[in-house]
1. Filtering region 250-268 down to residues that are out of contact with any strand residue (DSSP E or B) (no Cβ under 7 Å at 6 or more places or on another chain) and surrounded by 15 or more Cβ atoms within 10 Å (Cβ to Cβ), which residue is nearest to Gly59 (Cα to Cα)?
2. State whether one or more residues within region 10-25 are out of contact with any Ser or Thr (no Cβ under 8 Å at 6 or more places or on another chain) and modelled with pLDDT of 75 or more.
3. Hey, among the residues in region 280-302 that are out of contact with any strand residue (DSSP E or B) (no Cβ under 9 Å at 6 or more places or on another chain) and modelled with pLDDT under 85, which one's nearest to Arg184 (Cα to Cα)?
4. Restricting the search to region 55-75, which residues are of a type in the set (Ser, Thr, Tyr), under 21 Å from the mean Cα position of the chain (by Cα) and not in a loop (DSSP other than H, G, I, E, B)?
5. Looking at (1) among the basic types (Lys, Arg); (2) more than 30 Å from Ser165 (Cβ to Cβ); (3) at pLDDT 95 or above, find the lone condition where Arg75 falls short.
6. Of all residues being without any contact (Cβ under 8 Å) to a residue 40 or more places away in the chain and hydrophobic (A, V, I, L, M, F, W, C) in region 258-272, which is farthest from Lys246 (Cα to Cα)? Just the residue, please.
7. So, of the residues in region 114-124 that are under 21 Å from the mean Cα position of the chain (by Cα) and assigned to a loop (DSSP other than H, G, I, E, B), which turns out to be surrounded by the most Cβ atoms within 10 Å (Cβ to Cβ)?
8. Only residues that are of a type in the set (Val, Ile, Thr) and either in a strand (DSSP E or B) or crowded, with 19+ Cβ neighbours inside 10 Å (or both): list them for region 35-54, please.
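The values are calculated or read from the model by the stated rules, or taken from the named source; none is laboratory data. If you're wondering where the values come from, they're calculated on a predicted model, not measured in any experiment. Glycine gets a Cβ as well: all are built from the backbone with ideal geometry, and neighbour counts include every protein chain shown.
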Amino acid sequence: MAWNLEIPIFTTDAGEHDARSFERSGCRDLISLCREINSGGGQRVRFELNAVDSYDAGGLTPNIERTIKFLTFFRNSPLLTEAQQPVFRIMIRPRGSKPDRNSPFRMERLEDFQYSEDELTQMHDTISQFKKLGADLLSHERGDGFVFGCLKRVERRLHGLVLDSNANGQLISLASPYPCILHRAFDAVLSTRNDPDIYGPPQSEIPPSSVEELIDQVKGIGFKGVLTSGGWGNAELPSNLMTLTKLGQVALRDDGFQLIVGGGVRNTNLWRIQQAMGRKQFQHPDLWLHSSLPRLGAFDANLARSFFQAMRQVAEF
């Protein structure tokens, strides 16, 4: 039985440049957690690396130099065995949402994950730098990799969004052999997939509408997993729980593709998520829960421990 937890952290580019600063910024707690959790028994914890203070923006690309220092400190820690070393996933997201001038609804989140050519070039350069500077720190065999997502607008549709297969595919090819996870850009596709065709667009512009087709598309582009709430908003919303149930049924097919459920996931709603997805899916080894576990704006190791305890209780019920 597997209990997998992915924790986004926002301390990778602390201002100081020595090992002691990382201890002050919570790295000691992260190492302690890895020693406890990643020691067998089917449970794992891994970390998604984000820019400092980017929690409210949903996570942004961390500073390269300081992230490399963070990884160096972690990988060289004498306190961790190789088996206890966590997987690190690096966020590649140059900015958060911004006003969308093309939408009659002026919804900022519609413009999220739609990038300019300059922004895509920046993403390319960032991945290249991480691969070069982190060659001895990141391991694709372990599962270290990148998290991103690129969208584009469906022309002549109400405000539907689709995955930008070309942009995503180029980033995945550049990141190879490191695995890539589709970020919550997927939620925008889920939430707008049934928008009305207000101008009767040609068939080629209509995005896949079924969850099965969308997952097939994500896998076909080359992603090894997807982080999602089941749609815009938190995972515990009734409509999102229904979508997560369908996602679990079509995504978790023992082919190594990971379904990562995030967005307001806390101890208090684990039971609702398990009830919606079903016990079999909730216990699947490729299902991960994604939670920042913050207390007063910072990572709290005790909250992580209590979260794992809650996961066990819910999974075993």
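1. Gly263
2. Among the residues of region 10-25, not one is out of contact with any Ser or Thr (no Cβ under 8 Å at 6 or more places or on another chain) and modelled with pLDDT of 75 or more, which makes the answer no.
3. Per the criteria, the residue is Pro294.
4. Answer for region 55-75, where residues must be of a type in the set (Ser, Thr, Tyr), under 21 Å from the mean Cα position of the chain (by Cα) and not in a loop (DSSP other than H, G, I, E, B): just Thr67.
5. (3)
6. Looking at the filtered set, the residue picked out is Val265.
7. The extreme case among them is Tyr115.
8. Within region 35-54, Ile37, Val45 qualify.
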